[in-house]
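Worksheet: the structure to be examined is printed underneath.
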Amino acid sequence: MNLSDFDFDLPERLIAQKPLPDRSSSKLLVMDRKKGVLKHDAFSHIDSYLRSGDILIFNNAKVINARLYFIRESGARVEFVLSFRLSDKIWYAISNRTKKLHQGEVLISEKDSSVSINVRGRSGDYVEIETSVSFDEDILRAIGEVPLPPYIRRDAENSDMERYQTVYAKEAGAVAAPTAGLHFTKELIQKINDKGAECAYLTLFVSWGTFSPVRHDDLSLHKMHSEKYFLSETVASKINSARKDGRRVIAVGTTSLRVLESTLKGGENVPGEGVTDIFIHPPYEVRSADCLITNFHTPKSTLLMLVSAFAGYENIMNAYRIAVENDYRFFSYGDSMFIGDL
């Protein structure tokens, strides 16, 4: 398949710019992936599609304040978005002045003059920077902002500190939210537990590369971005037991599915930490999960390709057409899908 196969017409008005007042009030488009049958519902009813014994796999990565502003010696203001931590003080970052920055240049934080970065060079679309201090949560809270996605056409607000974060976020390090999880409330998670389904957590630090466009029509030429993950022995054991028992494994979000698929060896998920650059697109067959909870993705994106591999290309393109016709909200703050063997 080619890149052009994953294009579709999306009116600008359907790109969600703000979250709804209540997390779980989003629309839910339910798909039986074997039959391709669709049903319209509300996300607050997600528990009605779950069974006792299901295991839901969430990504508990926590978004850091990765959008930063630094000042050059000339006084010019430069924006950076941290993308991928290479070591304690070294990062790959995206900048609005990538081509103008030069190796060895030192820039000072706009909000704290005691914090600086040194430009080490370039790597593709990224600037490699070394920070004067370790960028922990406290430092980033003081000098950074919430890194809203590029398709949200507004500045970050105080409310985004809470809403562009899942209620179960724990492990700091992501620079983009695992957005399928944004619909869950603590009350809804309790309802899921009460039904006899289990919630388990892994970590994948979503990088800014998740927004990188595919530049080649020939998909075999696309180089996927890398993201760090961690899957504990306890959670891997729970997943493997569920699969062995014939219980459904439900990936909450494409990020969870990337870890599940990356760690699947011989029919079992192998615990550990590592880096994945897995590129899932048709005709790839997903074997690690039975169901997927996911938002609606951008045209021509690797995420759209992933859900097409999971649910079937024709099924997904038909579902997206119907979602547009029914004014579903798209992308990070948008509506949701439940796809699976129902």
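The values are calculated or read from the model by the stated rules, or taken from the named source; none is laboratory data. As the structure is a computational prediction, the values presented were derived from the model and not from experiment. When we count neighbours, we look across all protein chains shown, and the Cβ atoms used for this are built from the backbone with ideal geometry, even at glycine.
If you filter region 286-316 down to residues that are of a type in the set (A, V, I, L, M) and within 21 Å of residue 151 (Cα to Cα), you find that the one that is surrounded by the most Cβ atoms within 10 Å (Cβ to Cβ) is 307. Within region 229-240, the residues that satisfy the criterion of being farther than 18 Å from residue 275 by Cβ and either of a type in the set (A, V, I, L, M) or free of Cβ contacts under 8 Å to residues at least 60 places away in the same chain (or both) are 233, 234, 235, 237, 239, 240. The number of residues in region 19-55 that are among the polar types (S, T, N, Q), part of a loop (DSSP other than H, G, I, E, B) and touching a helix residue (DSSP H, G or I) at 6+ places or on another chain (Cβ under 9 Å) comes to 1. With the structure loaded, tell me whether residue 243 is surrounded by 15 or more Cβ atoms within 10 Å (Cβ to Cβ) and touching a residue at least 60 places away in the same chain (Cβ under 8 Å) or whether it fails that test. Criteria not met by residue 243.
Yes/no matrix, rows are residues, columns are (1) hydroxyl-bearing (Ser, Thr, Tyr); (2) more than 30 Å from residue 201 (Cβ to Cβ); (3) not assigned by TED's automatic domain parsing to the domain that holds residue 138:
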| site | (1), (2), (3) |
| --- | --- |
| 57 | no, no, yes |
| 74 | yes, yes, no |
| 91 | no, no, no |
| 123 | yes, yes, no |
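Taking into account only those residues within region 68-121 that are among the β-branched types (Val, Ile, Thr) and in a loop (DSSP other than H, G, I, E, B), which is surrounded by the fewest Cβ atoms within 10 Å (Cβ to Cβ)? For region 68-121, the residue satisfying everything is 98.
Could you figure out which of (1) touching a Lys or Arg at 6+ places or on another chain (Cβ under 6 Å); (2) aromatic (Phe, Trp, Tyr); (3) in contact (Cβ under 8 Å) with a residue 60 or more places away in the chain isn't true of residue 84? It is condition (1) that residue 84 fails. Candidates in region 136-156 are the residues that are over 17 Å from residue 331 (Cβ atoms) and out of contact with any Asp or Glu (no Cβ under 9 Å at 6 or more places or on another chain); of these, the one that is surrounded by the most Cβ atoms within 10 Å (Cβ to Cβ) is 144.
A single entry from 211, 184 fulfils the requirement of being in the same structural domain as residue 268 (by TED's automatic domain parsing), touching a Pro at 6+ places or on another chain (Cβ under 8 Å) and of a type outside the set (Lys, Arg): 211.
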